[in-house]
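So the structure is just underneath, and the comments pick up after that.
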Amino acid sequence: MEIISSVTDLRSRLRNEPAIAFVPTMGNLHQGHLDLVRIARQHGKCVVVSIFVNPLQFGANEDFGKYPRTLQDDCSKLESLADVVFAPPESELYPQPQQVAVIPPLENDLCGAFRPGHFRGVATVVLKLFNIVQPQLAVFGKKDYQQLYVVRQMAAQLNLPIEVVGGETARAPDGLALSSRNQYLSAGERTEAVFLYQTLAGVRQALLDGAADYAGLERRATQALGARGWLVDYVAVRNQAGLAQPREGEGELVILAAARLGQTRLIDNLEVCI
Ligand code: PAF
């Protein structure tokens with residue numbers, strides 16, 4: 001496995017690769033990321049993983065400064081799984097202030113409503129990385145469901161010749177979705193954190209049992225989390241196709257939530273087919 005930090009070196013390394021499968025990450029890799037890399041391996045001859053904590057997608061009061069940076073450890077985990085790790089310094093991807101940006105769909109909805117500019121920052125860096133790596137296929141986790149939707153729409157609407165594949169969310173044995181941000185949780189918060197997943201699972205069961213009052217389900221889930229001390233950004237039942245509010249009788253749904261436990265903002269989602 002090669003570790004490359006410059007765009008020029010990466011381009012010359014990949015020039016003759018006919019089938020590149022790409023997994024963009026911000027590092028601090030856990031089992032969920034490694035699952036995505038394994039999916040990439042099933043599809044591509046050359047597997048490229050990028051590790052870059054993208055300043056463009058963090059708000060002024062967010063955790064850009066403290067986001068865990070563990071490059072050496074990440075590279076050891078990738079040694080037998082990837083062919084190339086692209087780990088550029090910030091000056092390589094942003095030699096000047098980034099003035100051109102991708103305006104993604106739903107940028108002010110769901111997480112976008114609480115993280116202004118976040119999805120613009122994500123879409124812009126992903127497009128830059130796609131242009132640099134030029135993969136045939138890219139893998140993103142369903143844990144960031146809205147991000148996966150944004151990237152899929154960007155690829156489709158900008159006619160990028162890249163297949164975007166979604167990987168299932170990896171979970172701890174108790175159900176908590178794996179996330180680099182879980183390490184911010186205290187021991188007590190970690191025990192409580194699984195309640196987010198349990199709440200979504202409760203909504204999913206209610207939908208499977210025939211409930212169709214989406215607003216009521218969202219309100220009750222929000223109240224249940226709030227009663228235990230969570231600060232809820234949203235709990236939302238949407239359709240899978242466009243992340244829009246479902247029409248009556250629509251069957252392919254997803255329940256999404258974002259909520260803060262202490263200082264840590266957690267997100268999760270569950271698909272449900274009725
Ligand atoms: O999901 C992430 O880790 C990031 O948002 C991504 C896709 C690597 C873009 O910085």
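A few notes on this one:
- Scanning residues 5 or more positions from Arg171 or on other chains, those with amide H under 5 Å from its amide H are Leu178, with H placed 1.01 Å from N in the peptide plane.
- Three-way shape label, the chain, alpha-carbon gyration tensor, a/c 1.5: prolate
- Distance-filtered residues of the stretch 236-250 - backbone nitrogen under 19 Å, label point 7 angstrom along Ala212 Cα→Cβ: 237-241, 244-250
- Residue-wise HN-Hα coupling along the stretch 179-187, computed from phi with Karplus coefficients 6.51, -1.76, 1.60 (Hz; x: Gly, Pro): 7, 4, 6, 4, 6, 6, 6, 6, 4
- Those residues of the stretch 50-72 whose amide nitrogen sits under 16 Å from the label point placed on Glu192, 7 Å along Cα→Cβ: none
- Global geometry of the stretch 1-137, whether rounded, prolate or oblate, following the gyration tensor of its Cα atoms and the 1.5 cut on a/c: prolate
- On full extension, the segment bounded by Ser6 and Tyr94 gains 30.5 nm, given 0.36 nm per residue less the C-alpha separation.
- Each stretch of four or more DSSP H residues adds -39500 (n - 2.57); spread over every residue of the chain, this sum gives -11500 deg cm²/dmol at 222 nm.
- 3J(HN,Hα) from dihedral phi, the stretch 33-47, Karplus parametrisation 6.51/-1.76/1.60, rounded to Hz, x for glycine, proline: 4, 5, 4, 5, 5, 5, 4, 4, 4, 5, 10, x, 6, 10, 9
- Integer Hz, Karplus 6.51/-1.76/1.60 couplings in order for the stretch 69-80, x for Gly and Pro: 10, 9, 4, 4, 4, 4, 5, 4, 5, 8, 2, 9
- Ranked packing of 48-57, 225-234, most packed first, by mean Cβ within 10 Å: 48-57, 225-234
- Highest-first packing order for the peptide set 185-192, 216-223 is 216-223, 185-192, based on the mean count of other beta carbon atoms within 10 Å.
- Linear extension gain, Phe114 paired with Leu178, 0.36 nm per residue minus alpha-carbon span: 20.9 nm
Values quoted throughout were computed directly from the atomic coordinates according to the rules given, and no laboratory measurement underlies them. For clarity, every value in this text was computed on a predicted model and none was experimentally measured. Backbone-built Cβ (ideal geometry, glycine too); neighbour counts: all protein chains shown.
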